[in-house]
Amino acid sequence: MNQIGASELIINDRGAVYHLNLRPEELANTIITVGDPGRVAEVSKYFDKIEGKYEHREFITHTGLVGNKRISVVSTGIGPDNIDIVLNELDALVNIDFETRTLKPNQTKLTIVRMGTSGSLQASIPVDSFVASTHGLGIDNLLNFYKLLNNEEELQILQAFNVHTQIGQNGLQPYIAAASTHILKEFVSGFHQGITVTCPGFYGPQGRILRLPLQFPDLINQLTHFQFGQHRISNFEMETSAIYGLGKLLNHNCLSLSAIVANRVEQTFSKDGGKAVESLIVKSLEILSSIK
């Protein structure tokens, strides 16, 4: 079997994968990702036991137990580019033998759940509510560097989106991937569901105008009014499609959960976004810890 080169998978002096600074035994098979490094402790404070804390740059990991369930919470930083690092290194930790630098014969399937904040694109999804993303639709370019194959429904949604927005006329190549139904079905009560659009930035890519003119000034309106069958765009943020796309390719169960802190249609903002996020953490940990 071919060895993976030292320049392709960087392992540091303590035998840990480079960016995450984690050794294989330091990672649980159930993983929560958060964008903000400061939010890691806001999740792990609910652990019954913390086994270890690991840190490198913006990537902080706490691994511990909630009841009998072993869970790691990992900060990713912001954006699809960071997700490329985190998802590939999480997979390497369980599916590559660090001693031989070869693929393990038996693949381990991780459960990866993003918990973050987001902006609603529907008047019916108010601030301080929660969204479980059925799909991640990326208007960034990350998954265009990989061979992502779509099922028929995904292709139909993507085609309808391209026709509706005409966004591809300006050189963008949107992509789409669905959530893991195995996990999504557990997050129904108390959650809105819909397509989450992932943007490669916070200002122009999300239709915000400060001093610069926009290439897509009608983006918010187009996203809000998109519909394909029962599918509508519920919200947008900066990581979900990358997690879903890479998770699908690597054969992991992935889900993205968002606390809505802004409603771009109503132009409202949460009075206490931190409280909304904490409520999402508590509710989601309870569900996650009970999944077999």
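The values are calculated or read from the model by the stated rules, or taken from the named source; none is laboratory data. Everything numeric here is computed off the predicted structure, so don't read it as measured data. Glycine gets a Cβ as well: all are built from the backbone with ideal geometry, and neighbour counts include every protein chain shown.
When both residues are 6+ apart or on different chains and their Cβ atoms are under 7 Å apart, which pairs have a first residue that lies in the stretch 211-230 and is hydroxyl-bearing (Ser, Thr, Tyr), and a second that is assigned to a loop (DSSP other than H, G, I, E, B)?
Short answer, once both residue conditions are applied: 224/121; 224/122; 224/265.
Take residue 189 and tell me if it is under 26 Å from residue 266 (Cα atoms) and in contact with a strand residue (DSSP E or B) (Cβ under 8 Å, 6 or more places away or on another chain).
Criteria not met by residue 189.
Which residues, taken from the stretch 217-275, are small (Gly, Ala, Ser) and either in contact with an Asp or Glu (Cβ under 7 Å, 6 or more places away or on another chain) or surrounded by 16 or more Cβ atoms within 10 Å (Cβ to Cβ) (or both)?
234, 241, 242, 245, 247, 256, 258, 259, 262, 270, 273
List, please: which pairs have Cβ atoms under 7 Å, are six or more places apart or on different chains, and start with a residue in the stretch 157-174 that is touching a residue at least 40 places away in the same chain (Cβ under 8 Å) and end with one that is in a helix (DSSP H, G or I) and surrounded by 11 or more Cβ atoms within 10 Å (Cβ to Cβ)?
Between residues of the stretch 157-174 that are touching a residue at least 40 places away in the same chain (Cβ under 8 Å) and residues that are in a helix (DSSP H, G or I) and surrounded by 11 or more Cβ atoms within 10 Å (Cβ to Cβ), the close pairs are 164/222; 165/222.
Looking at 186, 152 in this structure, which one is exposed (fewer than 13 other Cβ atoms within 10 Å of the Cβ), farther than 29 Å from residue 217 by Cβ and charged (D, E, K, R)?
The conditions single out 152.
How do the pairs read when you match residues in the stretch 253-266 that are acidic (Asp, Glu) with residues anywhere that are surrounded by fewer than 21 Cβ atoms within 10 Å (Cβ to Cβ), using Cβ under 9 Å and keeping only pairs 6 or more apart or on different chains?
Short answer, once both residue conditions are applied: 266/123; 266/126; 266/127.
In the stretch 208-292, which helices (runs of 4 or more DSSP H) lie fully inside it and hold 2 or more residues that are under 24 Å from residue 123 (Cα atoms), touching a Gly at 6+ places or on another chain (Cβ under 6 Å) and among the hydroxyl-bearing types (Ser, Thr, Tyr)? Give the derivation first.
Details: elements: 219-225, 240-250, 273-288.
Here the list reads 240-250.
Select from the stretch 163-183 the residues that are within 20 Å of residue 222 (Cα to Cα) and in a loop (DSSP other than H, G, I, E, B) and write down the one among them that is modelled with the lowest pLDDT.
171
Based on what the data block shows, is residue 91 buried (at least 20 other Cβ atoms within 10 Å of the Cβ), charged (D, E, K, R) and over 20 Å from residue 38 (Cα atoms)?
So residue 91 fits the description; yes.
Here are some residues: 29, 2, 21. Which one is modelled with pLDDT under 95 and in contact with a strand residue (DSSP E or B) (Cβ under 8 Å, 6 or more places away or on another chain)?
Numbers: 29 fails: modelled with pLDDT under 95; 21 fails: modelled with pLDDT under 95.
Answer to the check: 2.
Confirm whether residue 48 is on the phi < 0 side of the Ramachandran plot, charged (D, E, K, R) and under 19 Å from the mean Cα position of the chain (by Cα). Full working, then the answer.
On the way: on the phi < 0 side of the Ramachandran plot: yes; charged (D, E, K, R): yes; under 19 Å from the mean Cα position of the chain (by Cα): no.
No.
Mind counting the residues in the stretch 137-162 that are part of a helix (DSSP H, G or I) and either more than 28 Å from residue 75 (Cα to Cα) or modelled with pLDDT under 95 (or both)?
Count: 11.
Going through 82, 88 one at a time, which residue ends up being part of a helix (DSSP H, G or I) and farther than 23 Å from residue 107 by Cα?
82 is the lone residue from the list that is part of a helix (DSSP H, G or I) and farther than 23 Å from residue 107 by Cα.
Hey, among 39, 14, 70, which residue is charged (D, E, K, R) and in a loop (DSSP other than H, G, I, E, B)?
14
Answer yes or no as to whether residue 134 is part of a strand (DSSP E or B) and closer than 15 Å to residue 80 by Cα. Even if it seems obvious, please write down each step before you answer.
Numbers: part of a strand (DSSP E or B): yes; closer than 15 Å to residue 80 by Cα: no.
No: the conditions fail for residue 134.
Return the residue satisfying two criteria in turn: it lies in the stretch 51-67 and is part of a strand (DSSP E or B) and charged (D, E, K, R), and of such residues it is farthest from the chain's Cα centre (by Cα). Write out each step before concluding.
First, the residues of the stretch 51-67 that are part of a strand (DSSP E or B): 51-56, 59-66.
Imposing the further condition that a residue be charged (D, E, K, R) reduces the set to 51, 53, 55.
Details: 51: 24, 53: 22, 55: 20 Å.
So the residue we want is 51.
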